[in-house]
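The values are calculated or read from the model by the stated rules, or taken from the named source; none is laboratory data. Being a predicted model, the structure only gives us computed values, none of them experimental. We place every Cβ from the backbone using ideal geometry, glycine too, and count neighbours over all the protein chains shown.
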Amino acid sequence: MPVAVDPPCLSLSCVLYFTPLDDLVRCLESVQIAAEQFNGDVDVHVVDNSESSEYHASVCSALNEVNAGRASIHLIKAASNDGYGAANNMAVPSLTSEFHLVINPDVVVCRDAFSISVDFLNENPSVGMVTPLVREPDGRVAHVVKGYPDCLTLLIRFLGWRWLNRLFDSRLSRYACTHYDGVDRPVFDVELAGGCFFFVRTSLFKRLDGFDPRYFLYFEDFDFCVRLRRLTDIAFVPQIKIFHAGGDVGRKHWRHHVMFVRSAGRFFLKNGFKVI
């Protein structure tokens with residue numbers, strides 16, 4: 001008679017697209033440390049969206065460098081690159097966990113991030129997802145909590161001109177929710193959050209069928225937050241800490257600019273325009 005195996009308490013999905021392998025190894029090493037601190041079984045689904053057999057072989061080699069621990073790592077090769085959201089959704093049908101974390105491969109989590117996240121959600125049943133305090137590698141705070149965007153603010157951020165940012169500093173600060181800087185208590189009225197670390201109840205993630213796959217890249221996280229907030233609350237918990245390399249879209253390749261504008265248009269058409 002087969003022995004029953006308890007489902008993992010926590011699952012993760014992490015999508016790669018020619019991600020630097022050093023970043024991936026650092027991310028997964030931090031996941032293993034956090035899993036040990038959490039003292040619970042963790043299933044990690046790494047999805048390779050690269051469409052390159054050579055890169056995929058390099059990913060396999062890199063995963064062998066990650067120390068074994070409480071986190072079991074499963075590598076999935078996407079048949080085609082259908083976008084970031086669709087790749088994350090590949091894990092949805094097989095999820096049996098209580099909690100699910102969508103994490104970027106350039107994130108490093110602090111050792112108590114999982115235990116604090118799970119404890120908070122267990123103690124606050126009205127909250128469906130938590131978002132952490134995020135710092136850039138140099139220690140600066142990265143503002144992932146956001147207000148609902150308007151077209152003008154997105155344009156200013158997209159252009160990234162310093163003189164323009166100074167001119168509209170108060171507008172940009174409202175959007176980036178800088179008034180939460182320095183808070184030491186959870187904030188329960190989060191409207192939107194960036195998707196580098198989405199710690200959500202698996203039942204809700206599955207109920208919403210994960211991300212809307214029509215967003216190839218960008219705004220799938222905001223769209224998910226809009227849909228999630230119809231069911232539950234999102235909380236910013238500054239005691240949960242991570243580091244994220246990231247980078248603004250304005251500093252990226254022109255193809256990213258095109259995808260950003262296209263996804264922004266889809267987001268506003270679906271969820272409502274806010275011009276200024």
Quiz item: Among the listed residues Arg185, Arg227, which satisfies the condition of being under 24 Å from Ala91 (Cα atoms) and either basic (Lys, Arg) or not in a strand (DSSP E or B) (or both)?
Solution: Arg227
Quiz item: Restricting to region 169-212, what's the tally of residues that are on the phi < 0 side of the Ramachandran plot, over 19 Å from the mean Cα position of the chain (by Cα) and small (Gly, Ala, Ser)?
Solution: 2
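Under the condition of being assigned to a helix (DSSP H, G or I) and aliphatic (A, V, I, L, M), which residue from region 159-182 is surrounded by the fewest Cβ atoms within 10 Å (Cβ to Cβ)?
Only one residue fits best here, namely Leu159.
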Practice problem: Please identify the pairs in which a residue from region 187-213 that is more than 19 Å from Arg266 (Cβ to Cβ) and in contact (Cβ under 8 Å) with a residue 12 or more places away in the chain has its Cβ atom under 7 Å from the Cβ atom of a residue that is small (Gly, Ala, Ser) and in a loop (DSSP other than H, G, I, E, B), counting only partners at least 6 apart or on another chain. | Solution: Cys196/Gly246; Thr202/Ser97
Exercise. Could you pull out every one of the strands (runs of 3 or more DSSP E) wholly within region 1-108 that has 3 or more residues that are surrounded by fewer than 18 Cβ atoms within 10 Å (Cβ to Cβ)?
Key: 71-77
Self-check item: Scan of region 109-158 for residues that are out of contact with any Pro (no Cβ under 9 Å at 6 or more places or on another chain), small (Gly, Ala, Ser) and either in a loop (DSSP other than H, G, I, E, B) or under 20 Å from Glu36 (Cβ atoms) (or both), ordered by number
Solution: Ser115, Ser126, Gly139, Gly147
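Does Phe188 satisfy being out of contact with any Phe, Trp or Tyr (no Cβ under 7 Å at 6 or more places or on another chain), more than 23 Å from Val108 (Cβ to Cβ), at pLDDT below 95 and surrounded by fewer than 16 Cβ atoms within 10 Å (Cβ to Cβ)?
On the way: out of contact with any Phe, Trp or Tyr (no Cβ under 7 Å at 6 or more places or on another chain): yes; more than 23 Å from Val108 (Cβ to Cβ): yes; at pLDDT below 95: no; surrounded by fewer than 16 Cβ atoms within 10 Å (Cβ to Cβ): yes.
So Phe188 does not fit the description; no.
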Quiz item: In region 68-93, what residues are of a type in the set (Ser, Thr, Tyr) and closer than 30 Å to Phe260 by Cα?
Solution: Ser80, Tyr84
Self-check item: Total residues in region 124-152, condition over 14 Å from the mean Cα position of the chain (by Cα) and free of Cβ contacts under 8 Å to residues at least 40 places away in the same chain
Solution: 4
